[in-house]
Amino acid sequence: MKRAELKITTAGDRELVMTRVFAAPRTLVFDAHTKPELVRRWLLGPPGWSMPVCEIDLRVGGRYRYVWRHDTNGAEMGMGGVYREIVAPERIVNTERFDAAWYPGEAVGTLVLVERGGSTTLTYTMHYESRAARDAVIKSNMETGVAASYDRLADLLASTPARGRA
Amino acid sequence: MQATHRLDTTFAALAHPTRRAILARLASGEASVTELGEPFAMSQPAISKHLKVLERAGLVSRGRDAQRRPRRLEPKRLGEATTWLERYRRLWEGNYQRLDALLHELKAKERNPR
């Protein structure tokens with residue numbers, strides 16, 4: 001299979017944008033993002049983590065909740081949010097907040113799927129909360145606990161799989 | 001400042017195109033605020049404001065010359081930010097490669113439904 005490249009760029013003052021092409025129709029890509037039994041098979045991070053909790057109430061105002069657990073040391077990391085917009089199979093807007101958030105307030109994620117010739121281009125934009133909220137946190141001291149959980153995330157980010165684990 | 005907190009500040013600082021242009025200019029050598037303002041259609045206070053954000057993020061520091069107060073690039077901090085972004089990219093690439101495999105399987109099921 002042809003390797004598709006993941007692109008990450010910044011846009012505006014507070015956005016991070018990821019783009020990736022998948023060799024599948026967007027209905028399937030949409031399903032893979034919205035059906036728990038499918039989500040927990042790929043949204044896992046590095047090897048050694050599983051997703052014991054994956055709850056999705058796919059409607060505007062509905063909540064989702066993800067919890068990852070490390071298979072050997074039992075460490076857990078959770079996050080969740082609320083769906084703001086759902087246009088199947090092309091667009092989802094949801095809020096996102098980690099239990100031990102290292103950034104202020106909620107981030108808002110927008111998933112856009114565009115299908116062309118049987119392939120789907122995924123664009124995921126993370127929009128971080130107001131500059132005022134951000135500046136408030138920059139001025140304050142971060143609590144040790146938050147920093148520690150961020151370090152845990154950094155460890156998690158540091159060790160990534162060399163290949164897929166389907 | 002905490003390392004994590006610092007990284008947030010760095011990314012916020014890097015998010016603005018003018019600030020990235022300032023960093024690109026400083027990559028070719030130190031410059032005063034006036035010199036930095038020249039390529040931009042911007043007032044000196046506006047440039048100073050951007051510089052303050054870059055300084056707070058540790059991306060830019062001030063030279064010793066008290067008269068010119070030249071600004072210079074702090075490459076170490078920029079390196080930390082790119083390293084983070086690369087790790088983030090690798091994490092998501094791992095996820096998306098698993099998603100590729102899953103989609104492959106789902107397509108096969110669609111072709112041969114049981």
At R0 = 25 Å the Cβ-Cβ FRET efficiency linking A:Asp57 and A:Thr123, nearest 0.05, sits at 0.55
In this structure, the FRET efficiency calculated for A:Ser50 and B:Ala24 from their beta-carbon separation, with R0 = 41 Å, to the nearest 0.05, is 0.40
For B:Lys107 and B:Ser32, extending 7 Å from Cα along the Cα-Cβ vector and measuring point to point gives, in nm, a value of 6.2
Extend 7 Å from the Cα of B:Arg62 along its Cα-to-C-beta direction; within region B:4-48, residues with backbone N under 12 Å of that point are B:33
Amide H contacts under 5 Å for A:Gly62, restricted to residues at least 5 apart in sequence or on another chain and with H modeled in the peptide plane, are A:Tyr83
In terms of the alpha carbon gyration tensor, root eigenvalues a ≥ b ≥ c, rounded if a/c is under 1.5 and otherwise prolate when a/b exceeds b/c or oblate, region A:35-93 is prolate
Of the convex hull drawn through the C-alpha atoms of region B:3-111, the volume per residue in Å³ is 141
Protection proxy (average C-beta count within 10 Å per residue), highest first, orders B:99-110, A:22-33, B:28-39 as A:22-33, B:99-110, B:28-39
Residue separation between A:Lys35 and A:Ala75 times 0.36 nm, minus their alpha-carbon distance, gives in nm 11.9 nm
In the structure shown, of B:Lys52/B:Lys76; B:Lys49/B:Lys76; A:Lys7/B:Lys52, the pairs separated by more than 24 angstrom at the C-alpha atoms are A:Lys7/B:Lys52
Between A:Val67 and B:Glu80, the two model label points (7 Å from Cα along the beta-carbon direction) sit apart by a distance in nm of 3.3
Summing -39500 (n - 2.57) over every DSSP H run of at least 4 in chain B, dividing by its residue total and rounding to the nearest 500, the 222 nm mean residue ellipticity is -22000 deg cm²/dmol
Here region B:39-45 yields Karplus 3J(HN,Hα) values (6.51, -1.76, 1.60; θ = phi - 60°; whole Hz; Gly and Pro given as x) of x, 9, 7, 9, 6, 4, x
Computed ³J(HN,Hα) along region A:76-86: with the Karplus parameters 6.51/-1.76/1.60, θ = phi - 60°, integer Hz and x for glycine or proline, the list is 10, 9, x, 7, x, x, 10, 7, 9, 9, 9
Taking a crude spin-label model, label points 7 Å out from Cα along the C-beta direction, the B:Arg72 to B:Glu55 distance in nm is 1.6
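Taken together, the values in this text are just the output of simple stated rules run on the coordinates, not laboratory data. Every value quoted in this text rests on a predicted model; they were computed, and no experiment measured them. Quick reminder, even Gly has a Cβ in these numbers, built from the backbone with ideal geometry, and neighbours come from all protein chains shown.
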